[in-house]
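Engineer: Could you have a look at this structure, given as structure tokens, before my questions?
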């Protein structure tokens, strides 16, 4: 799982392995080691009606309605966006999407990425 944080937004990009794990177990996570501590991101499928995000100790936990995820698992669905209110009146924008193969060569393993719909096209 790739995570990008920018301002009041978090973008989660899941590859095929991540998506299968989320479908099979209801959970996918990523851990980054920073010195002696860790930063933990977790995305879970839950039988809830509204998404919830919370910070707990060393982690960010995103709980998503199972029904919403089930629709996203379909091959033609790329991603979805959420806007969650913060207690201070600001908003947190969350984007959850499938991770596509890069169109240019990079020094990065994207063997589990989804086929890019723009591959073979002049963009």
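Here, each number is a calculation from the coordinates, and none is a lab measurement. These numbers were taken from a predicted model, which means no experiment stands behind them. Positions of Cβ are backbone-derived with ideal geometry, glycine not excepted, and every protein chain shown enters the neighbour counts.
Engineer: Which order do the peptides 53-61, 16-24 come out in when sorted by mean C-beta neighbours inside 10 angstrom, highest first?
Structural biologist: 16-24, 53-61
Engineer: Here's something else I'd like to know. Between residue 5 and residue 76, what FRET efficiency comes out of the Förster formula 1/(1 + (r/R0)^6) with R0 = 30 Å and r the beta carbon distance, rounded to 0.05?
Structural biologist: E between residue 76 and residue 5, to the nearest 0.05, is 0.60.
Engineer: Return the tail of the calculated pair distribution for the range 1-92, meaning the percent of Cα-Cα pairs more than 15 Å apart.
Structural biologist: 63 percent
Engineer: At a Förster distance of 25 Å, what's the computed FRET efficiency of residue 16 paired with residue 93, Cβ-Cβ distance as r, to 0.05?
Structural biologist: 0.50
Engineer: Subtract the Cα-Cα distance of residue 31 and residue 84 from 0.36 nm times their separation in residues, and report this length gain in nm to one decimal.
Structural biologist: 16.7 nm
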